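Here's the structure we're looking at; comments come further down.
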Amino acid sequence: METKPLDNIFNSYAGAAAVFREKDTLTDRHIPERIPHREEQISNIARVLAPSLRGQRVSNLFIFGTVGTGKSVSAKYVASELEKKSGGGVRVLYVNCKMKSVADTEYRLLAELARGMGRRVPATGLPTDEIYKIFFSAIDEEKKSLILVLDEIDALVKKVGDGILYNLSRANQELANTKLSIVGISNDVSFLDTIDPRVKSSLSEEEIIFPPYNANQLRDILSERARLAFNSGVIEDGLIAKCAALAAQEHGDARKALDLLRVAGELAERSGKDRITSEHIDQAEEKLDTDRVTTIVKSQPNQSKAVLAAMLSLQGRGDTPASTKGSKQPNGRGCSRQSGSDGFLETGDIFSEYEKICKAAGLKVLTQRRISDLISELDMLGVINARVISKGRYGRTKEIRLILSRELTDRIRKIMVDSYILEG
Ligand SMILES: Nc1ncnc2c1ncn2[C@@H]1O[C@H](COP(=O)(O)OP(=O)(O)O)[C@@H](O)[C@H]1O
Ligand SMILES: [Mg+2]
């Protein structure tokens, strides 16, 4: 069999020094030895949990902050140090409630917890109060302090409501020998306001906030990880600073910063280079953004997809070329505008186009009001950019801009075709 064409691909990996020494150190699988810039939060968590070492009940703790601010890594670190220190007197049960198989239903989560305590329980079938009993009796028998860490607790409540937190927070009334405390971790900073006030006050006996990292802090975090991840000479300090600065602009997210490094390294590797360049980082940023938006669009309901498809069609028809990311800001506002004439779309035009698309695709046509809501949602998800403008005595309207690169436009169009919203 002819294998020559593959040489192009394989040769860039064989021979010359590899880009990565250990790529895994740029993912969540890696447990960092040091967690810089979280000293204060880590000591505070430790201070809250330390009384468990004397067998005292620990206050429930609520940890919150936006994604990638080091909440999970810090909580796990303190938990494992505490368990070691206690010599068996303290046990920490950690669950990530975002995991589908674990926390889809109240039953599933409790079954998972009971299994964590070494009980064998069926995957379904028992009445809910039975599974509570099994879990509570398992922890009571241990006669230890138990700290239950519910990571991404906001995802749990979205799926199953806050009743489970109410029950867990009252567990101590049924336990004779064990003291149970709950550490809840949330990416959604307004989560506490969405739950029952009794649950809220019980869960947030103590609160610790994780602020976003700034560019300097991200640079420190990245330098450490880059040293482990890349062979020497692959990335220079200036480029680490560039990744840090990019991620700091967007919510100070350490995961995003690590992803940038990883994808930039992969792009360098793929193009047969043994050094990462500034262009690789730009491309990595674009790729991450494309992947993020593609994932969001795929998970949208058909009605939302139809609205987005309408915008794509209008844009494709406009006399300006598809706007690319980072293109210049619009100017000359105030005058009346026609859809597409300068890259803007208006709700009315989108609605007519949406109607046509629905009819062709056999979808129900929703009211213009609902469409306006769906447009706002797409805006919030960062897929489109909408803003309300005043048209003087003609009232208000929404101006919508698609901020999609050519590649993203093509990918989204393909999603629309695959889900039968648009014809191929
Ligand atoms: N201060 C830090 N030092 C080292 N790595 C960090 C730090 N903060 C976050 N990370 C890394 O960034 C990624 C995201 O952190 P994580 O704790 O999962 O964030 P969160 O739970 O707040 O979303 C993980 O890979 C983690 O190891
Ligand atoms: Mg987390």
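Here, each number is a calculation from the coordinates, and none is a lab measurement. Since we're looking at a predicted model, the values are computed, not measured. We place every Cβ from the backbone using ideal geometry, glycine too, and count neighbours over all the protein chains shown.
Expressed as a fraction of 2.2 N^0.38 Å, the C-alpha radius of gyration for the range 47-115 is 1.25. Among GLN56, GLN173, GLN249, the largest mean-square fluctuation in a Gaussian network model of the chain, built with springs joining Cα atoms closer than 10 Å, belongs to GLN173. Near ASP379, once Lys and Arg are set to +1 and Asp and Glu to -1 for all other residues with Cβ below 13 Å from its Cβ, the sum equals 0. The residues neighbouring ALA103, those whose beta-carbon lies less than 12 Å from its own, together hold a net charge of -1 under the Lys/Arg +1, Asp/Glu -1 convention. Electrostatic tally near SER145: other residues with Cβ closer than 13 Å to its Cβ, Lys and Arg +1, Asp and Glu -1, net +4. Summarised as an ellipsoid, the chain has semi-axes of 44, 32, 21 Å, derived from the eigenvalues of the Cα gyration tensor scaled by 5 and square-rooted, with the largest first. Over the residues of the chain, the helix contribution to mean residue ellipticity at 222 nm works out to -15500 deg cm²/dmol, using -39500 (n - 2.57) for each DSSP H run of at least 4. For the range 174-182, backbone phi angles converted through the Karplus equation (6.51, -1.76, 1.60; θ = phi - 60°) give residue-by-residue couplings of 9, 9, 8, 10, 10, 10, 9, 10, 10 Hz, Gly and Pro being listed as x. Could you list which residues have their amide H under 5 Å from that of LEU93, counting only those 5 or more apart in sequence or on another chain, with H placed in the peptide plane? Those lying under 5 Å, H to H, from LEU93 are ILE147, LEU148, VAL149. In the elastic network of the chain, a GNM with C-alpha springs shorter than 10 Å, the most mobile of VAL365, VAL183, VAL48 is VAL365. The H on the amide N of PHE230, modeled in the peptide plane, is under 5 Å from the matching H of ARG21, GLU22, each at least 5 residues off or on a different chain. Would you work out the relative contact order for the chain, in percent, from Cα pairs under 8 angstrom that are 6 or more residues apart? The normalised contact order for the chain reaches 17 percent. Considering only SER271, SER299, SER376, the mean-square fluctuation computed in a Gaussian network model of the chain, springs between alpha carbons under 10 angstrom, is largest for SER299.
For the range 213-292, the relative contact order is 32 percent, taking Cα pairs closer than 8 Å that sit 6 or more residues apart in sequence and dividing their mean separation by the residue count.
Loop-located chymotrypsin sites (Phe, Trp or Tyr not before Pro) in the range 347-424 (DSSP state not H, G, I, E or B) with no more than 16 neighbouring Cβ atoms inside 10 Å: TYR420.
The loop-placed trypsin sites (Lys or Arg not before Pro) in the range 86-150, going by DSSP, that have at most 16 neighbouring Cβ atoms within 10 Å of their Cβ come out as LYS98, ARG119, ARG120, LYS143. Beta bridges per DSSP, both residues in the chain: antiparallel share near 35 percent.
Counting only GluC sites (Glu not before Pro) that DSSP places in a loop and that have at most 16 other Cβ atoms within 10 Å, the longest clean stretch of the chain runs over 251-422.
Just check the range 337-414 against the gyration tensor rule for me: Cα atoms, a ≥ b ≥ c as the square roots of the eigenvalues, rounded for a/c under 1.5, and otherwise prolate or oblate depending on whether a/b exceeds b/c. Because a/c hits 1.5 or more and a/b fails to exceed b/c, the range 337-414 counts as oblate. Across the range 39-209, the fraction of Cα-Cα pairs farther apart than 24 Å, rounded to a whole number, is 30%.
About the centre of its Cα atoms, the chain shows a dipole size close to 500 debye [charges on the beta carbon of Lys, Arg (+1) and Asp, Glu (-1) only; nearest 20 debye].
Computed as a quarter of the hull surface, the mean projected area of the alpha carbon convex hull for the range 140-277 stands at 11.8 nm².
Pairs to check: LYS158/LYS398; LYS159/LYS256; LYS158/LYS298; LYS298/LYS391; LYS305/LYS359. Give those whose C-alpha atoms are more than 23 Å from each other in this structure.
The pairs that break the limit, which is 23 Å between Cα atoms, are LYS158/LYS398; LYS159/LYS256; LYS298/LYS391.
By the compact-protein rule of thumb, 2.2 N^0.38 Å, the alpha-carbon radius of gyration of the range 213-295 corresponds to a ratio of 1.00.
For the range 55-64, putting each phi into the Karplus relation 6.51 cos²θ - 1.76 cosθ + 1.60 with θ = phi - 60° gives couplings of x, 7, 6, 9, 5, 5, 10, 10, 10, 9 Hz, in residue order, rounded to whole numbers and with x for Gly and Pro.
Loop-located trypsin sites (Lys or Arg not before Pro) in the range 355-417 (DSSP state other than H, G, I, E, B) with a sparse environment of at most 14 neighbouring Cβ atoms within 10 Å: LYS364, LYS391. Take every Cα pair under 8 Å whose residues are at least 6 apart in sequence, average their separation, divide by the length of the range 39-209, and the relative contact order is 35 percent.
Distance from a point 7 Å along Cα→Cβ of ARG21 to each backbone N in the range 275-311: keep the residues under 16 Å and list them by number. Hits in the range 275-311 for ARG21 at 16 Å: 275-276.
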